[in-house]
Structure formats: C-alpha cells, structure tokens
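Notes to accompany the following structure.
The values are calculated or read from the model by the stated rules, or taken from the named source; none is laboratory data. All figures in this text were calculated on a predicted structure; none of them were measured in a lab. Heads up, the Cβs are rebuilt from the backbone with ideal geometry, glycines too, and the neighbour counts pull from every protein chain shown. Quick note on the areas: whole protein, heavy atoms, side chains included, nothing else; ligands and nucleic acids left out. Shrake-Rupley method; radii C 1.70, N 1.55, O 1.52, S 1.80 Å.
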Number of protein chains: 2
Amino acid sequence: MDTVTSALLTDLYELTMLEAAREAGTASRRCVFEVFTRSLPEGRRYGALAGTGRVLDAIAGFRFDDADLRYLRGAGVLTEETLEHLAEFRFAGDVHGYAEGELYFPNSPVLRIEGTFENAVLLETVVLSILNHDSGVASAGSRMITAARGRPCIEMGGRRVHEDAAIAAARAAYLVGFASTSNLAAGAHYRVPVAGTAAHAFTLLFDGEEEAFRSQLASQGAGTTVLVDTYDVEQAVRTAVELAGPELGAVRLDSGDLGEQAVQVRALLDSLGATGTRITATGDLDEHRVEELKDVPLDGYGIGTKLVTGGGHPAPGFVYKLVEREGADGTMQPVGKRSASKATLGAGKAAYRMRVGGRAHAELVLPGEEEVAEFERELTAELTSGTSHPDWARTSLRPLQQPLILGGELVETLRAPERVEAARIRHAESVAELGIAADDGPDGPVAIPTITDGTEAARLLG
Amino acid sequence: MDTVTSALLTDLYELTMLEAAREAGTASRRCVFEVFTRSLPEGRRYGALAGTGRVLDAIAGFRFDDADLRYLRGAGVLTEETLEHLAEFRFAGDVHGYAEGELYFPNSPVLRIEGTFENAVLLETVVLSILNHDSGVASAGSRMITAARGRPCIEMGGRRVHEDAAIAAARAAYLVGFASTSNLAAGAHYRVPVAGTAAHAFTLLFDGEEEAFRSQLASQGAGTTVLVDTYDVEQAVRTAVELAGPELGAVRLDSGDLGEQAVQVRALLDSLGATGTRITATGDLDEHRVEELKDVPLDGYGIGTKLVTGGGHPAPGFVYKLVEREGADGTMQPVGKRSASKATLGAGKAAYRMRVGGRAHAELVLPGEEEVAEFERELTAELTSGTSHPDWARTSLRPLQQPLILGGELVETLRAPERVEAARIRHAESVAELGIAADDGPDGPVAIPTITDGTEAARLLG
C-alpha cells in the first residue's frame, strides 16, 4: 500500500489556478470559502455531518513531499517557480465549522475556510472528498439507528466499498450511534469497538454443522454468535443450544424471510430454555427494512452495503464555494456566480440553531453578525411585548460554528478516538433536539427550515 | 494520513474463524474460494472487472505488522498463540482470475483463491472491497465511454468520494477508456494522464471576468479551457476569443441547458473564427445524459459523481464463497449452502468466452476441465456433421482465467502503470467483441447467457 500525502488528493486545476493567480498577483487576496449543500436528498429529514475530524488531520498533513514534487515536475504543467512555492506550502488560514456529528440542513455552512486564495483554494478537493463521503454514510446510518429503536447495530459493510473508505465508513457509522464494526482498521485507528460472528465458509469447512459449532464454541466461548442458516435453521438452533446450553450468546439469520424466521427461532430458543440468547439479523438491511422488522423479536442488526454506500445517496453534494474575497481596493466583497440563488450569494455567514422549548425550530444562516444581533433584538422585543406565545420565552439560539484552525494552528487537539466519542455524543443530542420519533418513519420533509435573512427570521416570531 | 497494512482491512470474524479452525485442526484443509456476482444490476448488459491489479498488490502486502498485532492483542479477542501465528502470516496459495478489464456476467468466476483455509479465508474482506469498488466504477464508466461515441471523457469525481477511493476510481475510469483524470494522486501512482480547467472561484477571484481570462491565458497558454458560465456565457465566449484568438483550446459549460447552450456557443465560436475551439460539458453527467446530448456539438465530457459512485450501483455484489474443500478423508469435496442455486454450488469452475464469428456468444462456466473437454468434443462433432450453421465453423473458446499468483508468488510482474495500460486494451477488445453499438443505448438485457453445465452448453449447438 502506497502512502499518499493529502496534498496530492487534489484536482489538477487547483494548482494551475494557484499558478495563474500568483502570476497575476491575486493569489494573496484574502478569501472566504464556505462548504454547504443546496438541498437534502428526497425524503431526508436532516443530514449528519461527519468527517470534520478527518478534515483537520488532512489539513495538518497537507504538504507536498519530494515524491509529489517529482511527479508534478514530470507532469510538466507547472513552472519551477510554482513547484518551489508548493514545497513550502502550509495552510496558514482559519477554519470554522459545525461540530462533527451535528445535523445540517440545506445551506448550513458546515465549514468556513478563510485565508489567501492560494492557501484556501488548494484544500477544496480533499475537504469535499472527506465531508461528502463521511457525511453520506453518517446521514444514512443515523436513520438506521432511529429505526432500530435502541437495538444495537453492527457496521459490517467494509467489503462493499473501497478498502480505505471502509475505515472512514465504520468511523462515521459509530459516530451516529452504531454499536460496533467488523472492520479491524477502524478499531485500530479510531477505537471503534469491533464485533463479529462467523461466515458460512466456517460451517462448510467442517464435515458437519455440529462439528463447526462445537469448534466455534470451544474457541470463542458460549457467548459467541453462531450462524444458523447454512443448512436447516431449526436443526442448527437445536444443535447450537444443545452444545452451548442456555448461555449461547446469539444466533445469526442471514437469508430468507427474516421476520418469519425470527419469530420461529425465538419460540424455539425459548422452548429450549435459551431465553437469553439473542437473535441478530443480517442481509441487505437498511432503515426501511429495519422499520418493517420493528415488531419482530430481533435483538440486533448487522448492516452493510446500504449503510456504507450512503443509503442510495452516497454523496450529499457538499460544495466549496468562494463567497467573499478581497478586491483591488483591499476591502472584502461578497461574490457569487450569476446563477447562484440568493441563499448562496454573499459573505461568510453566521449559523445558529434556533430552539423553542428545547426543540429545534429553525436553522438561522444569517449573513454576518449584524443580522444576528438585529434578530436577537427583535426576539427580545417579542418576548417582552407580553403578547407572544409562551413558548417563545423558552427560545434560544445555539451557535453552530466554532473555531477549528486559527492561523494554521489546530484549536481543538483531541486525539482521533476522543474526537469520535465527542462527535457521537453531539450527534445523539442533536437528533434528540429535533424531536423526531422512530414512529414518524425514516422518510419525511426537511425537519426545520433554513432561514437565510433577517426579515424572514423576524417573520418566524410573527 | 496513517498507513494501514492491508491485513487490518479485514473483518474481525476472519481472524476468529481462523483461530477456531486452527484449534479444531481444520485450518490446514485445502480450500477453493471463488469470487463472483449472482446477477447484474437492472439494465446492465455486462460488468467491467477492475481492481485485479490492486488485489495483487494487497495480497503481496498482506501481513500483520507490529502496530497491527499490538492493536489485536489489546482488543483481547485472540489468543497469544494466534497472534504469534499471524505475525508470520504470508499468503502461500494460488490465485487465478479473469484479466483486469475483462467483462463479466452473472456467475463469472472472476477470481479463484486456493490454499489452506487459514490462508485463503483472511483475504476475503480486502479482495471484495477492492473488486466491488473498482468494478462498480468501471462498469458505470464503460457505459459512459460507449455513449460518448469517441469523444474524450475526463474523470473528475474525486471530490464526491472518499479521498483514497478517488484514486482507485480514477484508475478504474481510465481502464475503461476515460482519457484523463483531474486527480493528481492517480497521475502519480498509475500514470493516468491528468487534465483540468478552472473553477468559478478563479473567475470570481478577479475584479472582472476579462482579467481572470487574461491571467489564465497568460499562465496556461491559449490551449487552456476557460469556464464561461460564471456570468453571461455569450459575453464570456466573446471575451475569451478576443483575448486568445482562434487558438483558444476549449470552453467549458457547467450549468443550464447544456444542449441549447452548446449549439449557441458552437455557432458563436465559428462566427468568431474559433472553429477549432472545443466545447466541454460538465455538471451531473452520466451515460443517459451523454446519450441525450449525442447530436449536440460537444467535444468532450467531464464526468464526476455518477461515475465515481458507480452510476447508481456502487457495489456490484461480488461475494467470496467457499466452493470446494478438503474433507476428513483428504479428498476435495464441493460444498455450498443449502439455499445456493445450482450455479453457485460445487467445485472450482473453468470459464471461457464462447465466440461465434468473432462475436461473444456465451459465457461458459463449466465445473471443471472434463466438462469443457466434453463440450469441445460435441462442438467438433457439430462442425464436422456438415449440417451446422456456417457460423459455427468460426466458433472458438477464449479461456478467461489465468494464473496470477502461484505458491504465493506473483506470476505477472508488471508495474502498476503498465498493468493499467494492459487492462485498458483488454477492456476495449472485450467490449468490441460483445458487438454492442452506442445506438443500442446504455440499457438492455444481459448481453450473453452464462452457461453453467455441459448439457446446456451442448444445447447451444443444437
């Protein structure tokens, strides 16, 4: 396996734009880039932000090493002057962003990168790769966790995605509430708890199922999970309980009608006295299938393909847009492409989750602190008018953006595993704040509106 | 960026199964595992195999280093004896497989891994991760290339997928005929040609579009591609031609009605004398969109999200199944799970593409060389009977499997870039042999049947 510096995880045009801007004298203009997604996939109530921690690692490691420069020199598209400059490249700007694990909505500015053009433009590709991938998995996984209604879910999709993406997917899944992963590298790097059962190949290796189960139990103990659908499910369950006794940890069903089989297997286990033996289901599960199985006596789910490929929406569509830059006169100016909607045009934004009575009510994405201050004044006036709905008295604004990198230096210095644990807690709190119940079903309209100007925000109070 | 050994890109249960089998004395049983997919996604005529070269690299590097073993020891799920054994682990078996770039169909045995159980079972996760990911991208990309009818396609989806998956995706895309990639790491590692244009941020960085274009042209030369849809397309095209002259390389359209705009821009470029300036389109393209644009004066496509996420089918569903193993009596025995169809049950298979008149006619996947020899005898009898259709005289069987690793040693020792070039040629030949024309459209039934027993095969000749 080759090691790749994060600097080469980049589109060529970032470097040619840097070169052209340097030659034109505009590369040092101060710029503000924002990362956001214009909409959520159909049926999604919210998105789950994941990858921020990995973005911070990638930015910290973003430098062109000798091998990178040798390749770029050979490619012949950059001048020697540019290559020498790249050799010294370090990100020296500021990054603010939503906490990892936080929910996001259309136009939520989940990351803001400020620096010179040449400094900030180079990060585009790797920042988007990470946030799009990890948030795609997290957004799908969060729905599965809600549908599972507290029953533990194991991430086991590594074999369905790129081998390195598998590690990040396991991390993202844990972050939104998965109990564990089958992926050892995710265990090693992020301390995600690892779990596993056995494959059909194990049963088939032996001359009979009984011998396979006996060997597994002898090696792994009675608490192990045996796979019971290689030949005949009923016989397999009887054999396993006979061998392990009522201490048998769990049985796994991986094919057929999971609902029907789970009912039969539960009854059989109970009749054999194995009332504490759990039943785990696997096999093309997603949030919809888990929802369908909600009244079935299953104790946990192993979820693979649909989770790690983002549940049909592998890339949330995060973009990295220049929203503000220094002009020739030295002042900062909002910029935007002609076709961009008003919501995406303009200066760096301040974002707050407006809560009423502890419940998320709106995503306020206001163009700058002045509009926020104005809204807060209106909110105060509303509250003191005496005519407002009693709920408003419990209104608060939770700031969503926090400094992550200042002057090129990491503000938050958690180690990777701690960062994931913090994000896991943040995610659970943020979902709870939304007040969506499992019985509402996985699909629905976007849960809260994104309010992008002060007038609209004031109307909320009307 | 952490370096990960390929050995930890593995599901925990592979190791616990290994431990249990070792303790039971079955770990040294000789086993045959096959990799295949049971079906193709709806509407797909064929699959494109990619990743084989990366699999060979992963197997060659598959060993547990000290950090891996430290983690596993800390996880507390394996005995010290198993850990010591893993420290010495090297794959010592045989691998045969389809050439990378080759097409596959339902039940095509694209890879066969033979060795002891403990040797072969450990490779499951990383082999599937690589083949599922890379073939997912390649299978989608191959359709795009057909739809593009010879117009060059640039892979530019890196920002929509995991940062390392992006490299493999660029490699897979090139392998099926993409002309180039925006991804620098794919250029560095696999010598995929790199290409790029400019982003809206570049235009927005300057105080005016003219200044932006002038700077890009001064730095990159007249042959560059300018992005013309930041403000007003017509004005941008006029400005670019005014500045660059008719030598302007290309203009890029990234939004709006690409078909309508391309017609207008072509007319405008021609009227300005820039008859050689090309028009490149980008923006949520896939094979269907490219097909719709076939009569539009576009000269190339930049394709991103839909390509790198497998065109709606990110994972082809490759599985790694034990099909044959040594029994207690020392003989090899076919094995299979109860629910497995006949096609997937049984011993390691021999695979041939049957061709009639140079055209692919069927995928023969016969259980062993004897059935193949029998079929060849019947074929010869048919040909000499004098009553057969004249086409049969031009019937041939192309063997699809080749040795890749024998006794743990790599048979084919091409370097990574050469391997990709060879696969690119193989893929183009294999698609041509299928005889599907662009005008047939991207979607259709599976192109050729997979024949899994000799009787069925003989019926082909009837």
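A few remarks follow.
- Any hit, the range A:324-343, residues being closer than 30 Å to A:A170 by Cβ, part of a helix (DSSP H, G or I) and open to solvent by less than 50 Å² (accessible area, probe 1.4 Å): no
- Residues satisfying the stated conditions in the range B:180-209, i.e. without any contact (Cβ under 8 Å) to a residue 40 or more places away in the chain, open to solvent by 10 Å² or more (accessible area, probe 1.4 Å) and more than 7 Å from chain A (Cβ to nearest Cβ): B:S180, B:P193, B:G208, B:E209
- Odd one out for B:G61 among (1) surrounded by fewer than 19 Cβ atoms within 10 Å (Cβ to Cβ); (2) closer than 21 Å to B:L404 by Cα; (3) at pLDDT 95 or above: (3)
- Residue, least open to solvent (accessible area, probe 1.4 Å), within the range A:220-240, restricted to residues that are more than 26 Å from A:G304 (Cα to Cα) and polar (S, T, N, Q): A:T239
- Test result for A:E34, over 30 Å from A:I436 (Cα atoms) and not in a loop (DSSP other than H, G, I, E, B): no
- Filtered by the rule that a residue be surrounded by fewer than 19 Cβ atoms within 10 Å (Cβ to Cβ), within 16 Å of A:S219 (Cα to Cα) and either of a type in the set (S, T, N, Q) or more than 14 Å from chain B (Cβ to nearest Cβ) (or both), the range A:241-263 gives A:G245, A:E247.
- Test: A:V263 is over 25 Å from the mean Cα position of the chain (by Cα) and within 30 Å of A:E209 (Cβ to Cβ): yes
- When the range B:113-169 is filtered for residues that are open to solvent by 10 Å² or more (accessible area, probe 1.4 Å), within 13 Å of chain A (Cβ to nearest Cβ) and not in a helix (DSSP H, G or I), the ones remaining, listed by number, are B:T116, B:I154, B:M156, B:V161.
- Options B:E155, B:E81; residue that is touching a helix residue (DSSP H, G or I) at 6+ places or on another chain (Cβ under 6 Å), of a type in the set (D, E) and modelled with pLDDT of 95 or more: B:E155
- Of all residues in the range B:420-451, those satisfying the criterion of being open to solvent by 40 Å² or more (accessible area, probe 1.4 Å) and of a type in the set (V, I, T) are B:I425, B:I436, B:V446.
- Qualifying residue in the range A:273-288 (condition: within 30 Å of A:N132 (Cβ to Cβ), of a type outside the set (S, T, N, Q) and open to solvent by 40 Å² or more (accessible area, probe 1.4 Å)): yes
- Single residue of the range B:297-326 satisfying the filter (assigned by TED's automatic domain parsing to the domain that holds B:V32 and of a type in the set (V, I, T)) that is modelled with the highest pLDDT: B:V319
- Top-ranked residue of the range B:289-310 - restricted to ones that are within 14 Å of another protein chain (Cβ to nearest Cβ) and hydroxyl-bearing (S, T, Y), ranked as surrounded by the fewest Cβ atoms within 10 Å (Cβ to Cβ): B:T305
- The lone exception for A:Y174 - which of (1) under 12 Å from the mean Cα position of the chain (by Cα); (2) under 19 Å from B:R160 (Cβ atoms); (3) not small (G, A, S) it fails: (2)
- When A:P109 is tested against (1) in a loop (DSSP other than H, G, I, E, B); (2) more than 17 Å from the chain's Cα centre (by Cα), only condition (2) is not met.
- Test: residue in the range A:80-95 that is within 30 Å of A:I425 (Cβ to Cβ) and touching a Cys at 6+ places or on another chain (Cβ under 9 Å): yes
- Any hit, the range A:44-60, residues being assigned to a loop (DSSP other than H, G, I, E, B), of a type in the set (F, W, Y) and within 14 Å of chain B (Cβ to nearest Cβ): no
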